[in-house]
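Report on the structure given below.
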Amino acid sequence: MELIVVEICRYLIIICMGIYTIQCFAVFRYSNEYDRKGIYLRQNFFMVMIHFMSFLSLYAQYDDLMYFRAYLIQQIGIMIILVAYRFVYPKANILIINNMCMLITIGLIILTRLSYDRAMRQFYIVMASALITFAVPFIISRIRLFEKFKWIYVGIGLASLAAVLMFSSVINGSKISFSISGFNFQPSEYVKIIFVFAIASILAHDHSLKAVLISALIAMIHVLLLVASKDLGSAIIYFIVYFCMLYCATRNVFYFLIGLIGLAIGSFGGYKLFRHVRVRVTAFLDPMGNITDAGYQIAQSLFAIGTGGWLGMGIGQGAPKTIPVVAADFIFAAICEELGVVFGMCLVLLCLSCFIMFMNISMKFEDPFFKLVALGLAVAYIFQIFLTIGGVIKFIPLTGVTLPLVSYGGTSVAVTLCVFAVIQGLYISKGRDHKREHIPSPEDFKTEKLDIVEL
């Protein structure tokens, strides 16, 4: 009987995820939130159904009430986040809220399947982080002084990365985090946000060669500190974010080409200087030929994805624990094994819809500072996803970064929630500016669809 339940739920989960993903792009057909309400409600329904059917599968197989308790606790927590955002921020972008909660839901589902204790630990981190970042949209939408603190951003960012280099312990050959009361804290995650604010404040209104050189020097020091700590995944993200922001600010293709050349030189230098980079490149080039050594992780990841096929094996039916570090770096492989490649593709498209909305918000800003902030955070978000999934599917060498809001990792989750909150604040801020500029006409009230915050 339990196998029948698992099989039925497997197909229904894929169908629900497919419909949810279609809705993510259907919202772009409409210009205001009023016309999107039906889409958002359907998304909420399918989100709840995916969560319910996943835990129904786990309970049917293991007949353990702890899964029922976990389901109730997680569902209540996610609904609190949804309702709280809609109640406190009625002019917020609901697609961003829904996608944020959907990614959290998927992460909790697969983490519960892998380790109940880790899943619940992640859940409590999510709730604490959501509570802490809940005020961020309010602050961002009402305070206009962020551009004035560029040297404070630079000082905090460089001091944090330097502290990691000097005082953190070496883990797997890299110095990337501090351990505080059993919790690993990775400063390079939150410094990404500070870095974006720093570069935006420098380049927002000054595109002179002097400003460009100052911003390049600051970006270079950030990247070099990360390279010295052997946190190469984060170093690449910082590098890409900087040159994307530089090109957007100056519209100078020459700077962008310099960035591409610098990336090539840096990649070659990293290969020559660091042994673990050479190991990862070797694993990337021939994982099966080095399956007992360097290629073991990527080989197991490919086996898992291949075993799952298009429609997956069903929650609890695979063997994802054979993949090293599966809860963090390789969680996408676990998702594809048990929920299928189709589900995995929908997950990628879901993340892409977040990126498109982030960029949409960025393009609607006339203020260059906020435009650059939204752009930088959007690029950092989508490029991290590219590095994570690209490494898991052997599209690029592994970089050791996590899948935002899905992978296990407290700092990553907290920082990503902060990124979403900042973007939400920018969206609300733009709506407030539009409201001040717009004088409603009698025709606006006749339509009863006046939505002055839309982008």
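Does the stretch 132-139 include one or more residues that are farther than 19 Å from Val48 by Cα and among the hydroxyl-bearing types (Ser, Thr, Tyr)? Outline the logic, then answer.
To start, the set of residues in the stretch 132-139 that are farther than 19 Å from Val48 by Cα comprises 132-139.
Filter again for among the hydroxyl-bearing types (Ser, Thr, Tyr), leaving 133.
Yes, the stretch 132-139 has at least one match.
If you scan the stretch 249-261, which residues turn out to be crowded, with 16+ Cβ neighbours inside 10 Å and over 15 Å from Leu209 (Cα atoms)?
Within the stretch 249-261, just Gly259 meets the criteria.
Taking Gly289 as meeting all but one of (1) small (Gly, Ala, Ser); (2) in a helix (DSSP H, G or I); (3) over 28 Å from His51 (Cβ atoms), write down the number of the exception.
With (1) small (Gly, Ala, Ser); (2) in a helix (DSSP H, G or I); (3) over 28 Å from His51 (Cβ atoms) applied to Gly289, the lone miss is (2).
Taking the stretch 409-444, which residues are modelled with pLDDT of 80 or more and not aliphatic (A, V, I, L, M)?
Correct list: Gly409, Gly410, Thr411, Ser412, Thr416, Cys418, Phe420, Gln424, Gly425, Tyr427, Ser429.
Note down all Cβ pairs under 9 Å where the first residue falls in the stretch 256-271 and is without any contact (Cβ under 8 Å) to a residue 40 or more places away in the chain, the second is surrounded by 12 or more Cβ atoms within 10 Å (Cβ to Cβ) and hydroxyl-bearing (Ser, Thr, Tyr), and they're at least six residues apart or on different chains.
Listed by first residue and then by second, the contacts come to Phe256/Tyr247; Gly259/Tyr242; Gly259/Tyr247.
Of the numbered conditions (1) of a type in the set (D, E, K, R); (2) over 22 Å from Asn44 (Cα atoms); (3) free of Cβ contacts under 8 Å to residues at least 24 places away in the same chain; (4) in a helix (DSSP H, G or I), Lys148 satisfies every one except a single condition; which is it?
Going through (1) of a type in the set (D, E, K, R); (2) over 22 Å from Asn44 (Cα atoms); (3) free of Cβ contacts under 8 Å to residues at least 24 places away in the same chain; (4) in a helix (DSSP H, G or I) one by one, Lys148 breaks only (3).
Could you run through the stretch 24-43 and say how many residues are of a type in the set (S, T, N, Q) and surrounded by fewer than 21 Cβ atoms within 10 Å (Cβ to Cβ)?
The total comes to 2.
Would you pick out the residues in the stretch 282-320 that are in contact (Cβ under 8 Å) with a residue 40 or more places away in the chain and either loosely packed, with under 14 Cβ neighbours inside 10 Å or aromatic (Phe, Trp, Tyr) (or both)?
Phe284, the sole residue that qualifies.
Is it the case that the stretch 391-408 has a residue that's small (Gly, Ala, Ser), out of contact with any helix residue (DSSP H, G or I) (no Cβ under 7 Å at 6 or more places or on another chain), surrounded by fewer than 21 Cβ atoms within 10 Å (Cβ to Cβ) and at pLDDT 90 or above?
No, the stretch 391-408 contains no residue that is small (Gly, Ala, Ser), out of contact with any helix residue (DSSP H, G or I) (no Cβ under 7 Å at 6 or more places or on another chain), surrounded by fewer than 21 Cβ atoms within 10 Å (Cβ to Cβ) and at pLDDT 90 or above.
Of the residues Gly259, Gly233, Gly270, only one is under 27 Å from the mean Cα position of the chain (by Cα), in a helix (DSSP H, G or I) and farther than 20 Å from Gln186 by Cβ; which?
Numbers: Gly233 fails: farther than 20 Å from Gln186 by Cβ; Gly270 fails: farther than 20 Å from Gln186 by Cβ.
Just one listed residue meets the conditions, Gly259.
Suppose we keep only residues that are among the small types (Gly, Ala, Ser) and in a helix (DSSP H, G or I) within the stretch 70-95. Which one would you say is surrounded by the fewest Cβ atoms within 10 Å (Cβ to Cβ)?
Ala84
Select from the stretch 392-414 the residues that are part of a helix (DSSP H, G or I) and over 27 Å from Gly270 (Cα atoms) and write down the one among them that is nearest to the chain's Cα centre (by Cα).
Taking the candidates together, the pick is Val413.
The values are calculated or read from the model by the stated rules, or taken from the named source; none is laboratory data. Note that the coordinates shown come from a computational prediction; the quantities given were computed from them, not determined experimentally. Virtual Cβ from ideal backbone geometry, glycine too; neighbours counted across all protein chains shown.
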